[in-house]
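Note sheet for the following structure.
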Amino acid sequence: MSGPSKYEPKSAIERWLDTRLPIIRFSADLMDFPTPRNLNYWYTFGGILAFCLAVQIVTGIVLAMHYDPSGAGAFNSVAQHIMRDVNYGWLIRGLHANGASMFFLAVYLHILRGIYYGSYKAPREVLWLLGCVIYLLMMMTAFMGYVLPWGQMSFWGAKVITNLLGAFPIVGGPITTLLWGGYSVDSPTLNRFFSLHYLLPFVIAAVVALHIWALHVPGNSNPTGVEVKSKSDTLSFHPYYTVKDGFAISVFLILFAVFVFYLPDAFVKADNNIAANPLVTPAHIVPEWYLLPFYAILRAIPDKLTGVIALAGAIAVLFALPWLDHSKVRSMRYRPTARIYFFIWIFACLILGWCGGQEPNDAIIKGVAGPTLVDYDINSVTWLSRIAAIYYFVYFGAITPLLGLFEKTLPVPDSLYTPVLSHPAATPAGAVAAPETKG
């Protein structure tokens, strides 16, 4: 995609280094990387995610210096020592705790953009698979990090989620015991989670490097889904997109700062401000907001093993998406029918997120029977979760493959210029403007 390197060493030191470790050449090639000229702001979330990862790693290292990974001292080290005794500890913890939510907000928008514009289609399957691996590692890292404050919700959340592994016959019990470091969630479990939580962000960074490498082989996709055909279709990544990414990160930082400085506990459950007590169970155990849709799928199925399989399947189906979608048109700009089903799928995910945060049988509809009110408990949250979960799987398993075979798409432009530079005078010299199409 990028072609031969244009970098030329200008000094003796650069020439010496270039023949031994061409890191300057590599950096220059990244900045000169030809990028489709019609990328919009939905394509800036890659840069935002890189920024979020850097924030999480830096703040996490500092927090690890002051954290006590023991059952007796973990809660006080977070709630008291870090927040009150460490210089700017409140800020560092606020950045790290709220940064996790910002990280997942950005990654969900990044995934939705990829699905909408068909960025998972050939030749970018490996790029998509690596992105799914990053998402899976993020979920594991976030769950283990949620346990570390060792509050009531942290302790019982760890107990509930790790117990799910016991649903698997034969291997479930030994794996759960190994993860616990004993026969229940206790101080050894906390040590294991702390160790893995510290390690996994560096694994994520390594996979991100592979993700960027995989991106630079076929190049960026773009909103039209049309592959670039000439140099005139592209702009160098710097300065055009470094400026655009920088502006997007600045806007994102405003939202980030609102939560850090004005709503630092917006995502913290009240029970997690109470030290872990294995003798007192919280009234309602819920994970963080970014895991709620999967938690709703898990609770919607009464059988434990089937629920765990459905939970794993909800993530695994994302890995299979490049081979489930048979449409020859990438972007949903030119797939009006697919666009409708896609937005319904987003709505179903939002419903699952809401249901995951509710008590499963707490919704009651009141009806009139004669002169008195009668309560009918219809388990509405559970059934709503089931309906949304069914659509979630039907969308990937049936709707997406069938749409690729039968839907009628709009005409796709022949070049990048049609949807971006429609005026003939705006077409670069030597480029042929494609006829206008809808979309």
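A short reminder: the numbers here are calculations on the coordinates, not readings from a lab. Since we're looking at a predicted model, the values are computed, not measured. Don't worry about glycine lacking a Cβ; one is built from the backbone with ideal geometry, like all the others, and counts go over all protein chains shown.
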**Complete:** In degrees rounded to 10, the 0-90 angle between helix 304-324 Cα long axis and the longest Cα principal axis of the chain is 0
**Request:** Give me the angle, in degrees from 0 to 90, between the Cα long axis of helix 89-116 and the longest principal axis of the Cα atoms of the chain, rounded to the nearest 10.
**Result:** 60
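What does the charge add up to near L403, with Lys and Arg as +1, Asp and Glu as -1, over the other residues with Cβ less than 12 Å from its Cβ?
+2
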**Item:** Simple spin-label estimate for F267 and R339 in nanometres, 7 Å along Cα-Cβ
**Value:** 3.1
**Prompt:** Modelled label-to-label distance, W323 and M140, 7 Å Cα→beta-carbon offset: nm?
**Reply:** 2.2
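How big is the equivalent ellipsoid of region 197-300 along its three axes, where each semi-axis is √(5λ) from the Cα gyration tensor, reported in whole Å from largest to smallest?
Values: eigenvalues 338, 76, 46 Å².
Semi-axes from the Cα gyration tensor: 41, 19, 15 Å.
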**Around Q80: net Lys/Arg minus Asp/Glu count, Cβ-Cβ under 13 Å** = 0
**Message:** I'd like the FRET efficiency for K6 and A72, computed as 1/(1 + (r/R0)^6) with the beta carbon distance as r and R0 of 45 Å, rounded to 0.05.
**Reply:** 0.15
**Prompt:** Taking a spot 7 Å from the Cα of Y240 along the direction of its beta carbon, which residues of region 20-59 have an amide N less than 14 Å from it?
**Reply:** 31-41
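With Kirkwood's inverse mean 1/r over C-alpha pairs for Rh, give me the Rg to Rh ratio of region 265-346, two decimals please. It would help to have the intermediate numbers written out before the result.
Values: Rg = 18.7 Å, Rh = 16.4 Å.
Using only Cα positions, Rg/Rh for region 265-346 is 1.14.
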**Asked** What number comes out for the charge environment of Y7, summing +1 per Lys or Arg and -1 per Asp or Glu over other residues with Cβ under 14 Å away?
**Response** -1
**Message:** Counting only pairs 8 or more residues apart or on different chains, how many lysine pairs in the chain have their Cα atoms under 18 Å apart?
**Reply:** 9
**Message:** Suppose each label sits 7 Å from its Cα in the direction of the beta carbon; what would the M65-I254 distance come out to in nanometres?
**Reply:** 3.3
**Asked** How many angstrom lie between the C-alpha centres of region 289-331 and region 17-77?
**Response** 28
**Message:** Using only Cα atoms and rounding to the nearest 10 degrees, what angle (0 to 90) does helix 45-66 make with the longest principal axis of the chain?
**Reply:** 40
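What's the extension gain from L305 to I390 if we count 0.36 nm per residue and subtract their Cα-Cα distance?
28.9 nm
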**Asked** Dimensions of region 217-256 along principal axes (Cα, Å, largest first)?
**Response** 38, 20, 18
